[in-house]
Amino acid sequence: MTIAFISDIHGNFEALKAVLAEIDRLGVEAIYCAGDVVGYYSQVNECCDMLRARAIACVMGNHDWYMAGGGFCPRSRSVNDCLVYQRKVISEDNLAWLKTLPLQLQVGEVRMVHGGWGDPIDEYLKPSADYFAQVEGRIFVSGHTHVQRLETYDGKTYCNPGSVGQPRDGDPRAAFALYGDGRFTLHRVAYDMQPVFDLMQAAGFNDYYYGGLKTGSKVLRRLDE
């Protein structure tokens, strides 16, 4: 059986639709999400609705936590600006769903969290042999960094499927990973970003909040930078 892993959708429904279409084209039925359904972009309800409609199991990401708990991000004004908007538009049903997300999931032999195994919600994991020597298990998936990677350490395999909605590894295409027959494969898919830009502008955000999508930038930047 082949399983798809997605992560860090961040309210980018255009990217999510493209990824799910490609996963469907590949004939994969089981899909799991490593967190951050919401945050950054405007279509948080559409993304939550899609995951709920397709019964895609998801762990709690830090942006999901901010939204579900009524909190804020201690390190980013732009994140908090987006939260203010998203709190105005998210449905009660979707907010209630976010509150049910677990901190971790076991998917067969795969252990999945959003951040890491020291802090499942907000650890920016730096994988190494020493790190995974301290963690029980053999196969691991997490998101949070928005950087797609696949590495093996002393018989333990770690995969970050990358970000669906906001890649930060210099490749603007939406990212995901497949796992089957004991191995991961990494995938990317292009999508039309203009609807994302238009909806963000309509929601009152200038291109500083979305310009980095065009290049897969590590930091927020305007479209012409």
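Sequence-distant contacts, meaning Cα pairs under 8 Å at least 6 residues apart, place the relative contact order of the chain at 22 percent. Over the Cα atoms of the stretch 35-86, the radius of gyration divided by the Kirkwood radius equals 0.98; this is the Rg/Rh ratio. Taking K and R as +1 and D and E as -1, what net charge do the other residues with C-beta under 15 Å from the C-beta of residue 215 add up to? Summing Lys/Arg as +1 and Asp/Glu as -1 gives +2.
Average accessible surface for the stretch 108-165: 40 Å² per residue, computed with a 1.4 Å probe over protein heavy atoms with every protein chain in place. Dipole size of the chain about its Cα centre, with +1 on Lys/Arg Cβ and -1 on Asp/Glu Cβ: approximately 200 debye, rounded to the nearest 20. Dividing the C-alpha radius of gyration of the stretch 137-196 by 2.2 N^0.38 Å, with N its residue count, gives 1.22. Taking every alpha-carbon pair under 8 Å whose residues sit at least 6 apart, the stretch 112-155 reaches a relative contact order of 42 percent. Volume of the convex hull of the stretch 86-167 (Cα atoms only), normalised per residue: 107 Å³.
Relative to the longest principal axis of the Cα atoms of the chain, the long axis of helix 13-25 makes an angle of roughly 40 degrees. For the charge dipole of the chain, defined by +1 on Lys and Arg C-beta atoms and -1 on Asp and Glu C-beta atoms about the Cα centroid, which residue among 37, 74, 53 has the Cα displaced farthest towards the positive pole? Looking along the dipole axis, the top candidate is 74. Pairwise inverse Cα distances across the stretch 1-145, averaged and inverted, put the Kirkwood hydrodynamic radius at 15.6 Å. Applying a DSSP loop filter and a limit of 14 other Cβ atoms within 10 Å to the GluC sites (Glu not before Pro) in the stretch 34-121 leaves 109.
By the Cβ distance rule (another cysteine Cβ under 4.7 Å), the unpaired cysteines of the chain are 47, 48, 73, 82, 159. Using a simple spin-label model with pseudo-atoms 7 Å out from Cα toward Cβ, residue 219 and residue 181 lie 4.4 nm apart. Counting only DSSP beta bridges with both residues in the chain, the antiparallel share comes to about 60 percent. Our summary gives the stretch 57-143 a relative contact order of 31 percent, counting only alpha carbon pairs under 8 angstrom and 6 or more residues apart.
Using every Cα-Cα pair within the stretch 1-57, state what percent have a distance larger than 17 Å. The answer is 29 percent, as a whole percent. Pairs of Lys residues in the chain are counted when their Cα atoms are under 25 angstrom apart and they lie 8 or more places apart or on different chains; the count is 7. Separation of the stretch 34-88 and the stretch 136-179, taken as the distance between their Cα centroids, equals 20 angstrom.
Relative to the longest principal axis of the Cα atoms of the chain, the long axis of helix 44-53 makes an angle of roughly 40 degrees.
The values are calculated or read from the model by the stated rules, or taken from the named source; none is laboratory data. Worth saying up front: this structure is predicted, and the values here are computed from it rather than measured. Cβ coordinates were reconstructed from backbone atoms using ideal geometry, including for glycine residues, and neighbour counts include every protein chain displayed. We work out accessible area using only protein heavy atoms, side chains counted, and drop any ligands, DNA or RNA first. Shrake-Rupley method; radii C 1.70, N 1.55, O 1.52, S 1.80 Å.
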